[in-house]
Amino acid sequence: MRNATPQVRDDSHRGGLQVLQGEVPSAARMPKGCRFHPRCPLAFDRCRQEEPPNIQVGPQHMAACWLAK
């Protein structure tokens with residue numbers, strides 16, 4: 001049986017989470033291309049034109065980013 005109590009993970013080994021600045025776009029009016037490009041500091045032209053595919057970057061970990069390896 002699984003425990004339903006939330007667990008706190010220590011992500012300090014990964015450098016923590018980066019908070020995106022700016023406003024979240026409306027779900028009714030998503031931007032063309034990657035939905036994060038208006039707020040992403042690493043966005044480039046392709047991000048504004050094409051939605052990136054989901055790429056497996058680790059066990060049970062997917063990323064939708066043109067820069068994911």
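The values are calculated or read from the model by the stated rules, or taken from the named source; none is laboratory data. Worth saying up front: this structure is predicted, and the values here are computed from it rather than measured. Every residue, glycine among them, receives a Cβ derived from its backbone with ideal geometry; neighbour counts consider all protein chains shown.
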Quiz item: Taking the condition assigned to a loop (DSSP other than H, G, I, E, B) and at pLDDT 90 or above, does residue 17 pass?
Solution: no
Quiz item: Residues in segment 28-50: is at least one out of contact with any helix residue (DSSP H, G or I) (no Cβ under 6 Å at 6 or more places or on another chain), in a loop (DSSP other than H, G, I, E, B), aliphatic (A, V, I, L, M) and at pLDDT below 90?
Solution: yes
